[in-house]
Each structure stands twice: as C-alpha cells, then as structure tokens.
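The values are calculated or read from the model by the stated rules, or taken from the named source; none is laboratory data. Predicted, not measured: the structure shown is a model, and the values here were computed from it. Cβ coordinates were reconstructed from backbone atoms using ideal geometry, including for glycine residues, and neighbour counts include every protein chain displayed. To get the accessible areas, we keep the full protein, side chains included, count just its heavy atoms, and leave off ligands, DNA and RNA. Shrake-Rupley method; radii C 1.70, N 1.55, O 1.52, S 1.80 Å.
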Amino acid sequence: MGGALRVTVPMAESGVLAKVLQTGEPLGRDSNDLDPALRELLGPNPRLPRGDRVLLVPLVGPRGVVGAALFLRRPDRDVFRAEDKQVLGELSAHAALGVTGTSSAPRTAPSRAAAGTPPRQEGDRLRFVGAATRRISRAMELDEILTGLCRAVVPTFADAVLVHLREPLPVGDERPAGPMALRLVRDERLPAEEDPDAVLFADPRAADPRQVRNGGALAEVLRGVRPVFTDAPAARAALSELLGDDVESTVPEGERAILAPLRGRRRVIGAAVFLRRPERVPFEANDLLVAAQLATHSALGIDKAVLYGREAYIADELQRTMLPETLPSPAGVRLAARYLPAAESARVGGDWYDAIPLPGNRVALVVGDVMGHSMTSAAIMGQLRTTAQTLAGLDLPPQEVLHHLDEQAQRLGSEHMATCLYAVYDPVSHRITIANAGHPPPVLLHLGGRAEVLRVPPNAPIGVGGVDFEPVELDAPSNASLLLYTDGLVESRLRDVWTGIEQLRARVEVTALLTGPDEPPPLEALCEEVLDMLGPGDRDDDIALLAARFDGIAPDDVAYWFLEPEDTAPGRARRLTRRALSRWGLEELSDSVELLVSEVVTNAVRHASRPVTLRLLRTDVLRCEVGDDVPQLPRLRHARATDEGGRGLYLVNRLARRWGATRLSTGKVVWFEIARP
C-alpha cells in the first residue's frame, strides 16, 4: 500500500469511520463512505487496488464494535462478490467473538492472557460453533441440513429449536411470486424422559403457514437479519406473529428464546427459534453470535440444497426424457433394459439405448455412448438418438444408419465422438444384422447356458468421418438372449475392457445355470445379475444395458405372396387370405380381413409398377402387411357422397385394432392388425 501502517488510529465519534463501523455491515466500493473511512483508518494517501477489490468489515462483538478488518485483492484477481462479503462477514464475526473472549479474560490469570488463550467458556463456545457449522456444511440435502442443525443445537445450545421456512422456497435468483409465508418444518426438543415438564410447541405437521404482514413486527425482525432476544416488546410481538396467540404460555420469559432470521444469498428464507427451559441458564449476549453463525450456515446450506435439488431434478428429467419411457412389445422378441448414472453428482450422461419396431415385425436394437457424462454429452446423445429413430423409420440398413449418424456427429462438432451398435432382428428369418461403430461387442446367451462374445467388426467410432461400417449377419436362435451394453459395465480403473467382457460372459453363463439347460433365465433377473457383477471400484462411467430374448415367429405362422399390379390382384388376395385363415382355424375373421386386404391391395396396385407383396403373420394378433414401390404414404380422409373412392382407409381405421404406414427405401408398407378371438 505504500508507507508505514498506522499502529493506532484515533477515531472521531462523529466521523465517517465510526458511522461505517456502527452499521456492522461489510463496506465495498459501491458505497461513497468507503474512501473517507479508509483515509481515517490508513492515512491520507493509501495505495489500494481499484474496483471492488477492497472490503472493509466491522468486527462486531456481543457488546458492540471491537475493531475493523480490511480485505484486499490484487488487481489480477477477481473482485469481491456478494457471497464473498457474506463469507468474510462470518469470519469477522468469529474473530470478534474470539477477541471478546480474550479481552474479557480475568486479570487474575496473566499467563493465559499473555498467551492469547480465551477463557474456557469462550473456547467451548468457539469449538461448538466450529463443530456445528461443519456438520451443517457437510450436508447436501434439505433434510440433512435441518437434521444437522437440530442435532447440533439440542441439547448443547438449546432445549428446543423450531425451524420455519418460506413456502414455497425460492430457488436461486427466482423472485417469490406472492407474499412471504413461513411454515414450521422442523420441531426438535429434548426427549420426554429428559424433560417431562416441557411445554414447547405443538406438532409441526398440524401447523399452517404463517403469513408475514408487510410492516409487521415479524417482517421488521426478519429485515434486520440479526438474531434477537424475544424479551423486547417488538421481538415478542414478532414471535407471537410467527407462533400464534399461545406464545405466552409456551415460550419462557426473559432471555430464554432467540429469534434468528435465516438469510440465504439473496433474501430471507425463514426463521429459527432457539428455546431454553426456565430452570436453565438464560442465553447470554455471546449466544446471539452463536445463533447468527448457526442461522447463516443453515440458510446458506438450505440455499445450496434447494439449488442442488433443482439441478438434480433437471438432470433426472433430462435423462428420463432422453431414454425410452417404456420399451415396445413387438412380436417374436422380449426386451428389458437398465440405466445407471456414473454417480449421484453426475446423473446425466451420453449413454443411451433404444428399441424401435420396424416393418415385418422386425425390431432395431440400439446402444450408444457419447463420450463424457455432462449436460453437453446428454444433449449430443439426444440428437443422435433422434437421428437414429428417424433413420430407422426409413428402414435403412444398419451400416447406412451408422453412416448418417457419423455425418450428423461431424455437423455437431469435430470434438464430439460416440460409439454405437445398431442391430436389426428379424423374427421370421431368425437372423440378426449388426453394424458396429467402435462399441463393445454384444454377448449372446444360447439355450443350454453357453454364452459367446459375438465377433462383430469393431470399426471406428462415430464422428471420425470417412469410415465404412462393415455389417455382419448372424443366426438368432429361438430362446437365445442378446446383451447390448456400454463400456461402463465392463471397463473401470481396476480392469481393462476385454477383462470386463470376459467377466460379463462368465457371469451370464453362471446366471443361466440357475434356471437349467432347458429354460432361459428371465430377462429382468438376468439384467439384475449382470449389474451385480460391479464391485465397489467399478463405477467410473454411465451404464446402459439392453437385453433381448429371441422368441421368433414359426414358419407355419407366416404366409407370404407376390401379386402382380393387375386388376385381378384384389380378388386373388382375398382367396389367398381365406385359405390362410382356414388353415390357421381363424375362419370367423375371414369376412373382415378379406375386406380390409382387398381395400389395401386395391390402393397398392392402382399406383404400383412392380409386384405388390402381401404377408400375413399369426402371433398374439393377426397382422397383414401390403408393400409396394410407391413411397407416398396414404392419408385417412372422409370421402364425399359423390366420390367413387377414398373409403378404403376409413374402413381399415374402423375395423382394425391398429393400422399404419411406413416409408421404406424401396417404397412403403401399409399394415393393420386384427385381434384374434
């Protein structure tokens, strides 16, 4: 600062410095009184940093101002912010409490005073404050913070503590929408066997919110921020407003109750009432500082907990909406899935899974992993998942889907990379086609208990660019189970990925032994057993797990024909349908199914230039699929009385259980389902 510091500073009672110290509030550059006060304290020409890097904080003890502290930051550091002022104000309050204890040491103990050691009572008080604030500060959730406050206070500091919070609690910078209302959320007191005569307060669950009247006694006490004894008339009136008309019979007289406002970073969020029994020593002036410390740390902790709760809620909602809410139930395959975040503090990530029904009762199975587990990773994951769903709707081959995902990832930024495995299972042919983009290979559990790691070309991750994703087509036996997963399941700091994959394969085999060689393990139980293989140090990343059981559709339950696009095609389609239904014992469905097949085939042959396909599948429902080479999808419309056509889809919509149309790379498929009797 330049020059020698003044050791002793005479302070005029009418000077600016005296006025600043009497306010008891930290003073920064936003006040015009700072520079005159600093000249009184440091001399006429102090050399100080510019901007909000100077903070003058009064040291306020139980009996008034005992000094001042000046905090400085170099020009290359950030300025003091509102939260810094609050922290330094609390440190200064601790210092003032210590100075008061030291200065009040008895003159009959010169050795202790010379050593700067406060009397035992003050030392115990400081140790209590330190332990209590540490207990409160460690908590992350609202209930933990309130429990920490109550357990620290009762019975060491008070016989009962009542905590009132705003309803609703404001979050961060939110401005409360209505007037302030306080609800009793915690009532902690000595157990009945320790205090059989206690009459401190009713059940908090029955307490209604108390409205804080503008200009009322309670509003004035809360605005003052500092704790007060409730023996003064204004404070007693504030307590009556907070607790109700029976306050006179429930709160002891004298300095045995402290009303402490709870002020967060932005505003008052509640109040705490500390009570002592009549037979106990009343609160002292120093206890107001203790109450202030407890109230401040609790309020800041509550602010932190509310923000943390909001962030956790947003993270959970974001991750929940990014993943399928429910899995589909396509015929011929059963599905189960699990998702585990990396940690409670990192609930969003880039791992995802999906199961997308395709035409012909096929289903696309997708598992992907965007590197990282942050909001950015989750956002990139959401875009890639949406792209994959759109591409699946076009019925593109797996390698083409990965190619387009690779292009999309490059458009999102060169720094974003992901792994993905895309598989299409056909229950009619009992085959599965898999394309991989740098993802761990799937594990196939055969009926009988043998598990194998499928040999799938690894290829490069999505986002590299210019990569050919080589597909592979494999058998998918009936009653076999396929496990798709992300690397968080098999890789950690304690094991490499291939060791983890082998452990996964062995775990799946052991699980299969529990149900015997002739019965596959239930999918839900299989997922749980797989996740149980994780040890204490194995959770470094998010985990997405998708399990599929291949039931397949028997050849006897499928009928397939090609129809030339001729005027005779609808009649031939009706005859073929009637024979298939008769073979399956579904003659009672013939009239309605023949009618709908005729209408859909008529619409197809009207515009098709290549043979039309007709397929019937008998599963838990009867499904009909008609495919042609025209990509334009039909639209449901109400025909006018003078129209000669346009009523086919109206009939389908009224008679079928479900129906739809899917655009393919080679045209489209129109399908409908009829419930079996």
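State whether one or more residues within the stretch 103-113 are modelled with pLDDT under 85, exposed (fewer than 15 other Cβ atoms within 10 Å of the Cβ) and either β-branched (Val, Ile, Thr) or under 42 Å from the mean Cα position of the chain (by Cα) (or both). There is at least one residue in the stretch 103-113 that is modelled with pLDDT under 85, exposed (fewer than 15 other Cβ atoms within 10 Å of the Cβ) and either β-branched (Val, Ile, Thr) or under 42 Å from the mean Cα position of the chain (by Cα) (or both).
With respect to His416, determine if the residue is part of a loop (DSSP other than H, G, I, E, B) and open to solvent by 30 Å² or more (accessible area, probe 1.4 Å). Taking the combined requirement at face value, the residue satisfies it. Leu142 satisfies every condition listed in (1) modelled with pLDDT of 85 or more; (2) in contact with a Cys (Cβ under 6 Å, 6 or more places away or on another chain) except (2).
Being open to solvent by less than 20 Å² (accessible area, probe 1.4 Å) and among the aliphatic types (A, V, I, L, M) is the filter; apply it to the stretch 376-390 and report the residue that is nearest to Ile553 (Cα to Cα). Among them, the one singled out is Ala388. Could you count how many residues in the stretch 170-195 are open to solvent by less than 60 Å² (accessible area, probe 1.4 Å), of a type outside the set (A, V, I, L, M, F, W, C) and modelled with pLDDT of 70 or more? Within the stretch 170-195, residues that are open to solvent by less than 60 Å² (accessible area, probe 1.4 Å), of a type outside the set (A, V, I, L, M, F, W, C) and modelled with pLDDT of 70 or more number 4. Within the stretch 578-626, the residues that satisfy the criterion of being in a helix (DSSP H, G or I), closer than 16 Å to Gly660 by Cα and among the aliphatic types (A, V, I, L, M) are Val593, Leu596, Val597, Val600, Val601, Ala604. Filter the stretch 503-515 for residues that are in contact (Cβ under 8 Å) with a residue 12 or more places away in the chain and not aliphatic (A, V, I, L, M); which is farthest from Arg450 (Cα to Cα)? Here the residue is Gln503.
The residue list Ala355, Ala346, Ala342, Ala378 contains one member that is at pLDDT 90 or above and of a type in the set (Gly, Ala, Ser), which is Ala355. Condition first: part of a strand (DSSP E or B) and open to solvent by 60 Å² or more (accessible area, probe 1.4 Å). Now tell me which residues in the stretch 453-465 satisfy that. Those that are part of a strand (DSSP E or B) and open to solvent by 60 Å² or more (accessible area, probe 1.4 Å): none in the stretch 453-465.
Would you pick out the residues in the stretch 510-559 that are over 30 Å from Leu616 (Cβ atoms), modelled with pLDDT of 90 or more and either in contact with a His (Cβ under 7 Å, 6 or more places away or on another chain) or assigned to a loop (DSSP other than H, G, I, E, B) (or both)? The answer is Pro521, Pro522.
Among the conditions (1) surrounded by fewer than 18 Cβ atoms within 10 Å (Cβ to Cβ); (2) more than 17 Å from Asp468 (Cα to Cα), Glu400 misses just one, which is (2). State yes or no: is Glu90 touching a Gly at 6+ places or on another chain (Cβ under 7 Å), in contact (Cβ under 8 Å) with a residue 12 or more places away in the chain and of a type in the set (D, E, K, R)? Criteria not met by Glu90.
The residues in the stretch 590-616 that are farther than 13 Å from Gly648 by Cβ, open to solvent by 20 Å² or more (accessible area, probe 1.4 Å) and touching a residue at least 60 places away in the same chain (Cβ under 8 Å) can be counted, and the count is 2. Taken over the stretch 49-64, residues that are open to solvent by 40 Å² or more (accessible area, probe 1.4 Å) and either closer than 23 Å to Ala96 by Cβ or touching a residue at least 40 places away in the same chain (Cβ under 8 Å) (or both) amount to 1. Go through the stretch 425-439 and count every residue that is in a strand (DSSP E or B), open to solvent by less than 10 Å² (accessible area, probe 1.4 Å) and more than 21 Å from Ile462 (Cβ to Cβ). Of the residues in the stretch 425-439, 1 are in a strand (DSSP E or B), open to solvent by less than 10 Å² (accessible area, probe 1.4 Å) and more than 21 Å from Ile462 (Cβ to Cβ). With respect to the conditions (1) in a helix (DSSP H, G or I); (2) touching an Asp or Glu at 6+ places or on another chain (Cβ under 9 Å); (3) touching a residue at least 24 places away in the same chain (Cβ under 8 Å), Ala291 falls short on a single one, namely (2).
Scoring Leu447 on the criteria (1) open to solvent by 20 Å² or more (accessible area, probe 1.4 Å); (2) assigned to a strand (DSSP E or B); (3) of a type in the set (A, V, I, L, M, F, W, C) leaves a single failure, condition (2).
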